[in-house]
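The values are calculated or read from the model by the stated rules, or taken from the named source; none is laboratory data. Everything numeric in this text was worked out from a predicted model, so none of it was measured. Positions of Cβ are backbone-derived with ideal geometry, glycine not excepted, and every protein chain shown enters the neighbour counts.
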Amino acid sequence: MTCCLHLPAKLSSVTYNLPADIDLTVLTSFNRLKEMTEDIAVIADAVADSALVQLSSDKKKIRRAKPLPLTDDTASRTLYMVSSHS
């Protein structure tokens, strides 16, 4: 099972600059993942070799492999388009 995980607003309480462990049961509350599986062992197996997240030794939690940058460069990567139609 190949899996791409996006950790949305449900995790807004997590402080992103700290290495925070996320319980895999939290991921099972995401509708898109819930459609694929709710089996934590399957999710753990899917992320075991990930370069983006690290699986805990008990295979019940994940964390980012690399922390997010301390600066937000979103503005420098944002493109604004304005319609010239009246």
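Could you tell me how many of the residues in segment 40-52 are surrounded by 10 or more Cβ atoms within 10 Å (Cβ to Cβ) and either closer than 13 Å to LEU27 by Cα or among the acidic types (Asp, Glu) (or both)?
8
Within segment 63-77, work out how many residues are of a type in the set (Val, Ile, Thr) and under 26 Å from LEU27 (Cβ atoms).
Result for segment 63-77: 1.
If you take the residues in segment 35-55 that are in contact (Cβ under 8 Å) with a residue 24 or more places away in the chain and more than 15 Å from the chain's Cα centre (by Cα), which one is nearest to LEU68 (Cα to Cα)?
ASP45
Could you look through segment 1-26, keep only residues that are of a type outside the set (Val, Ile, Thr) and at pLDDT 90 or above, and pick out the one that is surrounded by the most Cβ atoms within 10 Å (Cβ to Cβ)?
The selected residue is LEU24.
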